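The values are calculated or read from the model by the stated rules, or taken from the named source; none is laboratory data. Worth saying up front: this structure is predicted, and the values here are computed from it rather than measured. With ideal geometry, Cβ positions are generated from the backbone for all residues, glycine too; neighbour counts draw on all protein chains shown. Keep in mind that these areas ignore ligands, DNA and RNA; they rest on the heavy atoms of the full protein, side chains included. Shrake-Rupley method; radii C 1.70, N 1.55, O 1.52, S 1.80 Å.
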Amino acid sequence: MHQGTGASGEGPGQDGTGAARCPVGGERLPGPRGRHAANPEGPRPRYGEPVPTEVAPGVHGWLLLGYKENLQALRDQDHFSADPRPWIPSGRQPAHTGALPRDGEEHRRLRAPVVDALAGVATPRLVPIVERVASHLLGRAAAEGRIDLIGQFAAPLPALVLNEVFGLPDDYGRLLADLAHRLWDGGPEAAEAVEPAMRSYFTGLVARKRARPGEDLTSRLLAHPHGLTDEEAAEALSRMWESGHELTTHLIGNALLKLLTDPSVWTAYVGGTLTPEDFIDVVMWTDCPVRTIAGRYTAADVSFAGTRIRRGAPLLLSFDSAHTDPSVVPRDGFAMAGNRSHLAWGAGAHRCPATGFTRELVRTAIDAVVDRLRGMVLDTEGPAWRDSPTVHGLEALPVRFAPTGERAEPDRDEPTVPLRRFRRKRRPAPQGARYQAPLARKEPARETAEAAGVRRVGTRAAAPAGVGARYQAPFAPPEEEADPLERLLEDWRPR
């Protein structure tokens, strides 16, 4: 597999010999820079030969290396299924995948609302949001002349943009960005603690927009004729965010690194001979942010390059290896400008529905950095790559640039748009009527009551005419239930 190398010279998923390893079990895998596990010094096997591997602890499957094999698994729904339920007893996917885990009519019913809702976020609406968020994030570092383009820019930007597209105020965008950082970078314990908060964000988002729809992606999703339930809508929005956040972050980071380290690409990009759209394709081929994903199961016995794979076997798809397959990829990655047959967006019925959305977001973000950070250069000898079997991206991308002298307010996160905090106004506790009714007294003895002129109706004493309050004291209104998103925001403690 193609692996990035850090200062140590060993990329993630590799050992000291440069051999790629199984994402879970750690065994050496064949590939562009690997050797066969049984014979490290022997000839490399063909790209089309699948490799037996451990997809998850105790779950054995196959790793597909060749471009054509990966493309076939993505496109062919007759022989490869994205639904784990027929093959995995628990019905749960053994490894992370971005594909909607359904097939056929059920898949089409759940996918159509997402596609149509995303189509409503056109360029004229999306670009100003990305520009505003990018300007805010870059402006915070403008006076310093230094910024980590991953941690301070590429990582929070997708969460802030998506939050606004979903239709929520900026406070929730900062919350979402913080939860994303803890989920992806905080380790297994932090991720486990964050998951309930993530569920609360999306279930609360759906509940709020169901009650108060607006001109936003969530409201369009809920209003779709297919009529998603609240649970289905929350799952669709969660999957949209989960599958796109890291890819978008590291697509921006990998693209900026290529601009900073390859003078020919920088010259072509700034000079206009390499368009932003074609540049994104170059990055997808040479530094694809998706390394390996799961999510396909053989629906029938299949054969790849003489290797027979039984029905029901889970598959890992290696885009990292497929994008360096010499049968389809030339040695010069720069020649792939404009070639959009890479696999980063998937293929077939499960192709990513947010391709156009992500392209526009990434293009606008890159342009903002190039335009704003004048004289930008790397502030490290060798950027460190993440140690991940699934993601090809940087831990950090520190750069120096000419400071602007503008000073941001210290220790304050300015909103990217005016805050529209969703606060239900609660009425003050009732203080009684203008003229308070007298407090009820214990019923006097019969003779005392008669002496006081209180006449009786049945067994109850009735007050004489003219006694009591002029205006009746109102009943206390029932207290409205707190908004789930509001509770989540109040309980959230930023890192």
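Does residue 91 satisfy the condition of being under 30 Å from residue 301 (Cβ atoms), assigned to a loop (DSSP other than H, G, I, E, B) and either at pLDDT 90 or above or touching a helix residue (DSSP H, G or I) at 6+ places or on another chain (Cβ under 6 Å) (or both)? Working first, answer last.
Working: under 30 Å from residue 301 (Cβ atoms): yes; assigned to a loop (DSSP other than H, G, I, E, B): yes; either at pLDDT 90 or above or touching a helix residue (DSSP H, G or I) at 6+ places or on another chain (Cβ under 6 Å) (or both): no.
So residue 91 fails the test.
Checking each residue in region 238-274 for being of a type in the set (Ser, Thr, Tyr) and not in a helix (DSSP H, G or I) picks out only 273.
Quick check: anything in region 141-153 surrounded by fewer than 24 Cβ atoms within 10 Å (Cβ to Cβ), in a helix (DSSP H, G or I) and free of Cβ contacts under 8 Å to residues at least 24 places away in the same chain? Yes, that holds for at least one residue. Restricted to region 347-367, and to residues there that are out of contact with any helix residue (DSSP H, G or I) (no Cβ under 6 Å at 6 or more places or on another chain) and part of a loop (DSSP other than H, G, I, E, B), the residue that is farthest from residue 271 (Cα to Cα) is 351.
What's the total number of residues in region 101-129 that are assigned to a helix (DSSP H, G or I) and open to solvent by less than 50 Å² (accessible area, probe 1.4 Å)? Result for region 101-129: 11. Could you tell me whether any residue of region 213-225 is at pLDDT below 95 and under 24 Å from residue 492 (Cα atoms)? Scanning region 213-225 turns up no residue that is at pLDDT below 95 and under 24 Å from residue 492 (Cα atoms). Residues in region 186-215 that are crowded, with 19+ Cβ neighbours inside 10 Å and either under 21 Å from residue 125 (Cα atoms) or aromatic (Phe, Trp, Tyr) (or both): 4 in all.
Beta carbons closer than 8 Å, at least 6 apart along the sequence or on distinct chains, pair a first residue in region 245-271 that is closer than 20 Å to residue 343 by Cβ and acidic (Asp, Glu) with a second that is assigned to a helix (DSSP H, G or I) and at pLDDT below 95 for 246/184.
Suppose the filter is of a type in the set (Ser, Thr, Tyr), surrounded by 15 or more Cβ atoms within 10 Å (Cβ to Cβ) and within 21 Å of residue 51 (Cβ to Cβ); does residue 321 pass it? Criteria met by residue 321. Checked against (1) outside any helix (DSSP H, G or I); (2) open to solvent by 10 Å² or more (accessible area, probe 1.4 Å), residue 294 meets all criteria but (2).
The residues of region 216-230 that are in contact (Cβ under 8 Å) with a residue 24 or more places away in the chain and either assigned to a helix (DSSP H, G or I) or open to solvent by less than 20 Å² (accessible area, probe 1.4 Å) (or both), listed by number, are 216, 217, 218, 219, 220, 221, 228, 230.
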